[in-house]
């Protein structure tokens, strides 16, 4: 794919962006996945600069008098509010993925980082981003595309359509599903990718025509599903919990993609959030999506229970749109042996089953720790305030979704 487009600020100190040798080197790197791979392997700025000089010499270019300055690491992502060194009118070369949404003119733009053929093996997409976005190549050649360029690029590259989408209630095993699927070497799993969150929020609040929302979502998902290794066969999305509120948008964008909705006994989910609150428990969480009217909620327990109830109600409401499977956390591990993979269109072979089973023996969020069932611990931690909030907000929708699951024979 051509990486043409408008280039931004210089990154080789001592040369203007139109200086001959420096510009030729810049252009050569932007156009060559092979050169990017050589540079992308370096984590140390000095090693990166040395490799840059070797490449320049191989190309017959003179950087002898140039001081190469690699931008400093940016763990907080503050650079998203500044200009990018490279701006393109299409996607960058095959090793790059969109990693952060940045403010645009009426629609988000996206900064990309170089991953090469590295698998997204961490529990969350942001964990993978933190490992690679700080590398010198991604810092020096940080690339930005606006929404129009993102959509245009999708028409120029074949990528994998998602084979399955994971919606969930929160704190109910979705990361386990993602890690088990990602354990299969030829799978791509994008787990709670922040760019999707930003685009969905834009889509449902912008008033943009549905076809534009769909085109934008399809393009972003396609970019995350790039077959960077050349060996990928399946691609899965695991979304943040609140994305279930946009389930109709995902169905419009991917009408033939099967999806699941995971949920768990409300008391257990509530205890998890009370111990370590997620954004779902913050007053006014995603208010533009109508999650909860915080003016009528007086406690963190009520706030969280009202949000979780909204997720359950949305899954119940849209279960009839087709393609869905409801799965209770109590059935999850057995369902991952056959029910969920088959719903996603594949029968795991022996090697795939072994890889998924090995992943299941580890804590899904902290893979270097062994898995330990915490169900009884969570039930013992239920307070009277949690129990009361569950009764007020969650008991009825939980009973309804259980009846619906049992009624259609799903997830068991």
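Structure notes:
- Rounded to 10°, Cα long-axis angle of helix 194-206 versus longest principal axis of the chain: 70 degrees
- Taking 0.36 nm per residue of sequence separation and removing the Cα-Cα distance, the residue 57/residue 368 pair yields an extension gain of 107.7 nm.
- A simple spin-label model places the labels of residue 118 and residue 64 3.5 nm from each other, with each point 7 Å out along Cα-to-Cβ.
- Cβ-Cβ FRET estimate between residue 399 and residue 34, R0 fixed at 60 Å, reported to 0.05: 0.55
- Calculated FRET efficiency for the pair residue 105/residue 320, C-beta based, R₀ 45 Å, to 0.05: 0.75
- Separation of the residue 27 and residue 406 label points, Cα + 7 Å toward Cβ, nm: 7.0 nm
- Whether the chain is rounded, prolate or oblate, judged on the alpha carbon gyration tensor where a/c under 1.5 counts as rounded: prolate
- Top of 225, 83, 275 by mean-square fluctuation, Gaussian network on the chain, Cα under 10 Å: 275
- Cβ-Cβ FRET estimate between residue 381 and residue 333, R0 fixed at 22 Å, reported to 0.05: 0.50
- Cα gyration tensor shape for segment 120-242, rounded if a/c is under 1.5, else prolate or oblate: rounded
- Computed helical MRE - 222 nm, the chain, DSSP H runs ≥ 4 contributing -39500 (n - 2.57), nearest 500: -12000 deg cm²/dmol
- Tensor-based shape of segment 75-128 (alpha-carbon gyration tensor, a/c under 1.5 rounded, otherwise prolate or oblate): oblate
- Among 227, 373, 211, the largest mean-square fluctuation in a Gaussian network model of the chain, built with springs joining Cα atoms closer than 10 Å, belongs to 373.
- Pairwise centroid distance, computed over Cα atoms, of segment 346-412 with segment 126-183, Å: 25 Å
- In degrees, nearest ten, helix 350-360 long axis to first principal axis of the chain (Cα): 80 degrees
- Gained length - residue 256 relative to residue 354, 0.36 nm times residue gap less alpha-carbon distance: 32.4 nm
- Max mean-square fluctuation residue, GNM over the chain, Cα-Cα springs under 10 Å, options 378, 238, 310: 378
Each reported figure results from applying straightforward, stated rules to the coordinates on display, with no laboratory input. Worth saying up front: this structure is predicted, and the values here are computed from it rather than measured. So basically every Cβ, Gly included, is an ideal-geometry build from the backbone, and we count neighbours across all protein chains shown.
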